[in-house]
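First the structure, in the form of structure tokens, and then the observations on it.
The values are calculated or read from the model by the stated rules, or taken from the named source; none is laboratory data. Predicted model, so just to flag it, every value in this text is computed and none were measured. Note: ideal-geometry Cβ built from the backbone for every residue, glycine included; neighbour counts use all protein chains shown. Keep in mind that these areas ignore ligands, DNA and RNA; they rest on the heavy atoms of the full protein, side chains included. Shrake-Rupley method; radii C 1.70, N 1.55, O 1.52, S 1.80 Å.
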Amino acid sequence: VKTTEIVYLPCIYRNTSTEAPDYLATVDVDPKSPQYCQVIHRLPMPNMKDELHHSGWNTCSSCFGDSTKSRTKLMLPCLISSRIYVVDVGTEPRAPKLHKVIEPQDIHAKCDLGYLHTSHCLASGEVMISALGDPKGNGKGGFVLLDGETFEVKGTWERPGGAAPLGYDFWYQPRHNVMISTEWAAPNVLRDGFNPADVQAGLYGSCLHVWDWQRHEMVQTLHLQDGLIPLEIRFLHNPAASQGFVGCALGSNIQRFYKNEGGTWSVEKVIQVPPKKVKGQCLITDILLSLDDRFLYFSNWLHGDLRQYDISDPKRPRLTGQLFLGGSIVKGGPVQVLEDQELKSQPEPLVVKGKRVAGGPQMIQLSLDGKRLYVTTSLYSAWDKQFYPDLIREGSVMLQIDVDTEKGGLKLNPNFLVDFGKEPLGPALAHELRYPGGDCSSDIWL
């Protein structure tokens, strides 16, 4: 199957009115197909209330030197149950099958970790998955290591006792012997919703952790100025690059991290989303770099806009595209904007193919040629329920944004809509998108 014909998305029922397992949806994105914009397959998980979230491959571009390895297994770590589902997409890509279930007890016993998030494959053939906490839900930013063939739990990647205080996402760059990880919060803090008092109490993350890739040890902690809740982190795709970007959700900014001549690492704020005189922040929740390292994309889940920046000069990103795709500040919505440095009036609600879009732009994924940006609208079921109750009732959507790769610019495709509000068992919350052949947030080059 060609990589542009289908995408995979985890769909969540936890915190909705539907009592059913989460599932992996396969969506047809081939404009020539009679099933275009449709969910063509659903693979339900065997357990309830897992909270599927992110996904990754058993192998990617870093493993391509090994001809025996192939990208046939999709890893589905669970944010709440701490299970790991291994899904076979190689036998029949349009109809994936469950290959193996790794139970939380195995991860708890061998790693003392739980609440799993980001999955990346390693050049060794192993699979590495970040954790947010220990089995009891306290903060613990460690990493689970799996055998890449049997998917047995081998233990932790980091040395015993060497976990970070909090965890979330990570990216590695072997040519610089470095991995950098980010922080959300302890599972017990974020699990049931967002409490602003927890921010005042210092319970949300504000640091990047720099690790020695060969020694598996944390060597530096970068404290972010105005950088509360650093979530998604991306090095430039160029394997020789010694810099990248991280999106700070509550700080409403993008920060650039970079290597100094002496070998240490530093960080600086390069984009600040202008504040609006409303209660709350814009909540930058996902960032993405195009494969040619020219454009940076990020989503403001609460304000509702999606942005594109030219990063030809990474120190000075230049805004080249912006689209409002729902959000909390639309006209007639629950939030009144009293003062705005960017907009003359509040944006209109988004209606695509007759569907009023609930929520705001959240997870994003770019086609390999950089011309199509796919967007979903769910963040995490408990926070969806808190910030966008209509999203729980109506389900999330998947949208397509057409990208001008020459001059920059974003345009909504009015003919593309996948409405997860019409799923057979009830409205579902679709999250991260994955291409069968790898994409801008799954592959790391060596």
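Points to keep in mind about this one:
- Only one of the listed residues (ILE329, ILE401) is of a type in the set (Val, Ile, Thr) and over 22 Å from the mean Cα position of the chain (by Cα). That residue is ILE329.
- Pairing residues of region 433-446 that are more than 14 Å from PRO239 (Cα to Cα) and touching a residue at least 60 places away in the same chain (Cβ under 8 Å) with residues that are open to solvent by 20 Å² or more (accessible area, probe 1.4 Å) and of a type in the set (A, V, I, L, M, F, W, C), at Cβ distances under 9 Å and at least 6 apart in sequence or on separate chains, gives TYR435/LEU368; PRO436/VAL1; GLY437/VAL1; GLY437/LEU368; GLY438/LEU368; ASP439/LEU291; ASP439/LEU368.
- Residue under evaluation THR264, criteria (1) over 19 Å from ILE311 (Cβ atoms); (2) modelled with pLDDT under 95, criterion not met: (2)
- Subset of region 394-416 that is out of contact with any helix residue (DSSP H, G or I) (no Cβ under 8 Å at 6 or more places or on another chain) and surrounded by 17 or more Cβ atoms within 10 Å (Cβ to Cβ) - its residue that is nearest to LEU319 (Cα to Cα): LEU410
- Selection of first residues in region 246-257 that are in a strand (DSSP E or B) and of second residues that are open to solvent by less than 10 Å² (accessible area, probe 1.4 Å) and among the charged types (D, E, K, R), restricted to Cβ pairs under 8 Å at least 6 apart or on distinct chains, gives the following pairs, ordered by first then second residue: VAL246/GLU232; GLY247/GLU232; GLY247/ASP286.
- Residues of region 1-59 that turn out to be open to solvent by 50 Å² or more (accessible area, probe 1.4 Å) and either touching a His at 6+ places or on another chain (Cβ under 6 Å) or part of a loop (DSSP other than H, G, I, E, B) (or both), as a count: 14
- Region 300-314, subset hydrophobic (A, V, I, L, M, F, W, C) and open to solvent by less than 10 Å² (accessible area, probe 1.4 Å), residue nearest to HIS237 (Cα to Cα): ILE311
- Long-range neighbours under 7 Å by Cβ, at least six apart or interchain, first residue closer than 13 Å to SER378 by Cβ and modelled with pLDDT of 95 or more within region 388-403, second assigned to a helix (DSSP H, G or I) and open to solvent by less than 10 Å² (accessible area, probe 1.4 Å): LEU391/ASP384; ILE392/ASP384; GLY395/PHE420; SER396/PHE420; VAL397/PHE420
- Filter pass, HIS216 being surrounded by fewer than 19 Cβ atoms within 10 Å (Cβ to Cβ), within 15 Å of SER130 (Cβ to Cβ) and not small (Gly, Ala, Ser): yes
- Scope region 157-194; condition touching a helix residue (DSSP H, G or I) at 6+ places or on another chain (Cβ under 8 Å) and in a loop (DSSP other than H, G, I, E, B); matching residues: TRP184, ARG191, ASP192, GLY193, PHE194
- Pair list, Cβ < 8 Å and 6+ apart or interchain, from region 198-221 residues that are closer than 25 Å to ASN253 by Cα to residues that are open to solvent by 50 Å² or more (accessible area, probe 1.4 Å) and of a type in the set (D, E, K, R): TRP211/GLU217
- Filtered residues of region 210-236 (kept if not acidic (Asp, Glu) and not in a strand (DSSP E or B)): TRP213, GLN214, ARG215, HIS216, LEU224, GLN225, GLY227, LEU228, ILE229, LEU236
- Screening LYS110, LYS100 for residues that are over 21 Å from LEU231 (Cα atoms) and either open to solvent by 60 Å² or more (accessible area, probe 1.4 Å) or touching a helix residue (DSSP H, G or I) at 6+ places or on another chain (Cβ under 7 Å) (or both) leaves exactly one candidate, LYS110.
- Sub-7 Å Cβ pairs linking a first residue in region 107-125 that is within 17 Å of CYS78 (Cβ to Cβ) and touching a residue at least 12 places away in the same chain (Cβ under 8 Å) to a second residue that is open to solvent by 10 Å² or more (accessible area, probe 1.4 Å) and basic (Lys, Arg), at least 6 apart or interchain, are LEU113/LYS140, ordered by first then second residue.
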